[in-house]
Amino acid sequence: MTPTAGTIDKNEYFFGHKACAGCGGSLTVRIALKILGPRAVAVLPAGCMSAVGFNFPQLAFLNNAIISTFAGTASMMTGLEAGLRARGERDCTVVGFAGDGGTADIGLQALSGALDRGDNILYICYDNEAYMNTGVQKSGLTPFGARTTTTPAGARVRGNVREKKNMLRIVAAHGAPYAATASVGYLDDYMRKVQKAAGLRGVKYLHVLAPCPTGWGIASDETVEVAKEAVDCGLFPLYEYEGGAFRQTVAPKGGSIERHLRRQRRFQHLTDEDIAHITVRRASET
Amino acid sequence: MRKPYLRQAPGRELADYPEGTAYTAGFLTAKNAGWRSVRPVLRAEKCVLCLRCYLHCPDGTVYESGGALAFDYDFCKGCGLCAKICPLGAIEMETEGA
């Protein structure tokens, strides 16, 4: 049974970290570890969550956690899983928490390799849609039109000209046993997926939309609301891929794409045509 | 409830530092309270302990204690998510030092 707010593990495995106030990424990590419990072994590459979790001597993980190379999240997970198995350790979930850059750009090859080998790991990408801890540079998962420091908005070019990579389809194309999108705006759905994934064998992949107040230009108390809105207006649909088929797990409640974009400072320069482009593209994908 | 907790920071001598790259998990040496300009305050008469605030806190600083909601003010950063997510308006953000 999926835990609820009342039944979930009361222990805090990610606590006292230095993430910005209202950080969606830290909520992603905190909730996953509460589901996976004290025997989870976490791997974090360079990125926000390692930068805020390991500030020696301030170490914010209660369970075993280790920093990997930026490119090597999945390969370190492979090694840890093999090592734990060799030592006869049981009931340990090897879980990775990598950002969008560490997953879709820099760590993609290692993830692809693990998927090819079919290692028994749980890979969680917290997607805040840019390289946030280094100061908001564009990643392969930055959406069209978003202003970052490397895709500035000016008179001629209005933010990022590229579309966001579809990581769920990339992972599904490897024939993964389980892959899903999730959002910190729908924690019940996310918790169910973490628990389900932990019980399956092979490479499980979760892609979690985790808004960043600092990089997105939203208030620190709007993280959850904006993450929910992204699902409801159809820009970030919640899917599950299992047994070769995709299934939608949360029906979008509807809502204005324009309102959702315009409340974020990173999209404030967009013209009506840009918003129309995003709307048409969304419709063509679903 | 177990969670990382505050301890004495290691000294400044070389011998106080680990030889390898591993160290004690859940080892905190500094609070985050100084980040905060507003603090969550509970209106207990409105709270029904649905724990939505507890679930959604990115810092894990909202918790249930003895049948009532409590905040860990040493580590709350004052983001205001708990107040925003409360369906009953049972949490208000008050300016620090006011």
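The values are calculated or read from the model by the stated rules, or taken from the named source; none is laboratory data. All figures in this text were calculated on a predicted structure; none of them were measured in a lab. Counting neighbours? That spans all protein chains shown, and the Cβs are built from the backbone with ideal geometry, glycine included. All accessible areas refer to the heavy atoms of the entire protein, side chains included, with ligands and DNA or RNA removed. Shrake-Rupley method; radii C 1.70, N 1.55, O 1.52, S 1.80 Å.
Descending by average beta-carbon neighbour count within 10 Å, the peptides A:40-51, A:113-124 line up as A:40-51, A:113-124, the highest first. Neighbouring Cβ atoms from other chains, within 10 Å of the Cβ of residues in A:213-221, number 3 on average.
Phi angles across segment A:77-89 convert, under the Karplus curve 6.51 cos²θ - 1.76 cosθ + 1.60 with θ = phi - 60°, into 3J(HN,Hα) values of 4, 4, x, 5, 5, 5, x, 5, 5, 5, 7, x, 6 Hz, Gly and Pro given as x. Taking amide H as placed 1.01 Å from N in the peptide plane, the amide H of A:Ser68 sits under 5 Å from that of A:Leu44, A:Ala46, each at least 5 places away or on another chain. Using C-alpha pairs below 8 Å separated by at least 6 residues, the relative contact order for segment A:159-274 is 25 percent. Report, ordered by chain and residue number, the aspartates and glutamates lying within cross-link reach of B:Lys77, taken as a straight Cα distance under 17 Å and ignoring same-chain residues fewer than 8 apart. Reachable aspartates and glutamates: A:Glu12, A:Asp221, A:Glu222, B:Asp59, B:Glu92, B:Glu94, B:Glu96.
Packing, taken as the mean count of other beta carbons within 10 Å per residue, orders the peptides A:181-187, B:64-70, A:141-147 from highest to lowest as A:181-187, A:141-147, B:64-70.
Taken along the Cα-to-beta-carbon direction at a fixed 7 Å, the label points for B:Lys31 and B:Arg2 span 2.6 nm.
Comparing A:Ala5, A:Cys20, A:Ala71 along the charge dipole axis of the protein assembly as shown, the residue lying farthest to the positive side is A:Ala71, per the Cβ-charge model. For chain A, relative contact order (Cα pairs under 8 Å, six or more residues apart, normalised by length) works out to 17 percent.
Database remark: amide H of A:Ser183 closer than 5 angstrom to the amide H of A:Tyr190, A:Leu209 (H placed geometrically; neighbours at sequence offset of 5 or more, or on other chains; Pro and chain starts carry no H). The fraction of Cα-Cα pairs per 5 angstrom bin, counted from 0 for segment B:5-95, comes to 3, 13, 21, 19, 12, 10, 8, 7, 5, 3, 1 percent, rounded to whole percents. Applying the Karplus relation 6.51 cos²θ - 1.76 cosθ + 1.60 with θ = phi - 60° to segment A:182-189 yields 3J(HN,Hα) values of 8, 8, 5, x, 10, 5, 4, 5 Hz, where x marks Gly and Pro.
Judged by the mean number of other Cβ atoms found within 10 Å, the most tightly packed of the peptides B:7-15, A:165-173, A:217-225 leads the ranking A:217-225, A:165-173, B:7-15. Residues whose amide H lies under 5 Å from that of A:Arg162, counting only those 5 or more places away or on a different chain, are A:Gly145; hydrogens are built 1.01 Å from N in the peptide plane. Semi-axes of the equivalent ellipsoid for the protein assembly as shown, computed as √(5λ) from the eigenvalues of its C-alpha gyration tensor and ordered from largest down, come to 30, 27, 21 Å. Accessible surface comparison of A:Asp9, A:Asp274, probe 1.4 Å, protein chains only, largest first: the order is A:Asp9, A:Asp274.
Counting only residues at least eight positions apart within a chain, or on another chain, the lysines with an alpha carbon under 17 Å from that of A:Lys193 are A:Lys34, A:Lys204, A:Lys228. Charge dipole of segment A:24-285 (Cα centre as origin; +1 on each Lys and Arg Cβ, -1 on each Asp and Glu Cβ, all else neutral): 140 debye, rounded to the nearest 20. Counting only DSSP beta bridges with both residues in segment A:24-285, tell me the antiparallel percent, nearest 5. The antiparallel proportion sits near 30 percent. A P(r) calculated from all alpha carbon pairs of segment A:33-131, with 10 Å bins opening at zero, reads 17, 50, 30, 3 percent.
Computed in the context of the full set of protein chains, the accessible area of the protein assembly as shown at 1.4 Å probe radius has 52% of its extent on carbon or sulfur. Other protein chain C-beta atoms within 10 Å of residue C-beta, averaged over B:72-85: 5.
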